[in-house]
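Worksheet for the structure shown next.
Readers should treat all values here as calculations from the given coordinates under stated rules, not as data from a laboratory. Because the structure is predicted, anything quoted here is derived from the model rather than measured. Note: ideal-geometry Cβ built from the backbone for every residue, glycine included; neighbour counts use all protein chains shown.
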Amino acid sequence: MHVLCLDLEGVLVPEVWQAVAAATGVTELQKTTRDIPVYDDLMRYRLDILRDKDIRMSLIEREIDKLDPLPGAVDFIRWARQRFQVAIISDTFYEFAAPLMAKLGHPLLLCHRLVVEDDRIVDYRIRQPDPKRCSVQAFQSLRYKVLAAGDSFNDVTMLEEADHGFFFQAPENICAQFPQYPRAGDYAELQEMLISVD
């Protein structure tokens, strides 16, 4: 049996930070790894904004509670779990993702942790350097074949390391830089691609 590694935000659920940007009117929080490819640079940028605008963890949690999986995501995960071992490999945080995982049926999630003090996000702790690549390597060390799908720059190392990698609704500028990865425009296309290499 293969392991299917999936990114979370933009692939299965909406982007959390963009939801917070919409709720607060702080448009600077709309940036994702599609805009700032180096994850640490992006997170330092976000933490500065949260501090400067006094955006609290409780506000972010309220906005996350309003989010639902992307249309078709729950059915896709149900389909995928019948064919593969499914692991969500994300640069999100357990503190953000827990309610979203419940809505997706609790697939395995590997991500990071936040440091929260007095209702403020003050820092974060990554699981390890290059966690998406390392997760794929770990599954391969157990003699699994790994399929992977993501939508942004921070997913490329996961796609590189996987036995088969795919973009899911990735922007054209990212696809153009990495033309070796087929792009699925919807879940039906992604299912077809996964079946073709299973």
* Structure fact -> Expressed as a percent, the portion of alpha-carbon pairs in segment 16-66 spaced more than 16 Å apart is 36 percent
* Starting from the amide H of Asp151, placed 1.01 Å from N in the peptide plane, find each other amide H under 5 Å away whose residue is 5 or more places distant or on another chain. => Phe168
* To do: Please express the shape of the chain as an equivalent ellipsoid: the semi-axes are the square roots of 5 times the eigenvalues of the C-alpha gyration tensor, given largest first in whole angstrom.
  => 28, 17, 16
* Structure fact -> Once Lys66 and Val38 are pulled to full extension, the length gained, defined as 0.36 nm per residue separation minus their Cα-Cα distance, is 7.3 nm
* Which cross-chain or sequence-distant (5 or more) residues have an amide H under 5 Å from the amide H of Arg120, H modelled 1.01 Å from N in plane? -> Met57
* Asked: How large is ³J(HN,Hα), in whole Hz, for each residue of segment 32-45 in order, when computed from phi with the Karplus curve 6.51 cos²θ - 1.76 cosθ + 1.60 and θ = phi - 60°, using x for Gly and Pro?
  -> 10, 5, 5, 9, 10, x, 7, 4, 4, 4, 5, 5, 4, 4
* To do: Mind ranking 12-23, 103-114, 119-130 by how tightly packed they are, going by the mean number of other C-beta atoms within 10 angstrom, highest first?
  => 12-23, 103-114, 119-130
* **Sequence-distant residues sharing a close amide H with Thr92 (under 5 Å, placed H)** => His112
* Asked: Would you list Tyr94, Tyr39 from fewest to most Cβ contacts within 10 Å?
  -> Tyr94, Tyr39
* Quick one: length gained pulling Val26 to Val122 fully straight, 0.36 nm per residue minus the C-alpha distance? -> 32.7 nm
* Asked: Among Glu117, Glu161, Glu61, which comes first, then next, by fewest other beta-carbon atoms within 10 Å?
  -> Glu117, Glu61, Glu161
* Cα Rg, Dmax (largest Cα-Cα span) when computed across segment 103-144, Å -> 14.2, 44
* **Length added when fully stretched, Glu160-Tyr94, from 0.36 nm per residue minus Cα-Cα** => 21.3 nm
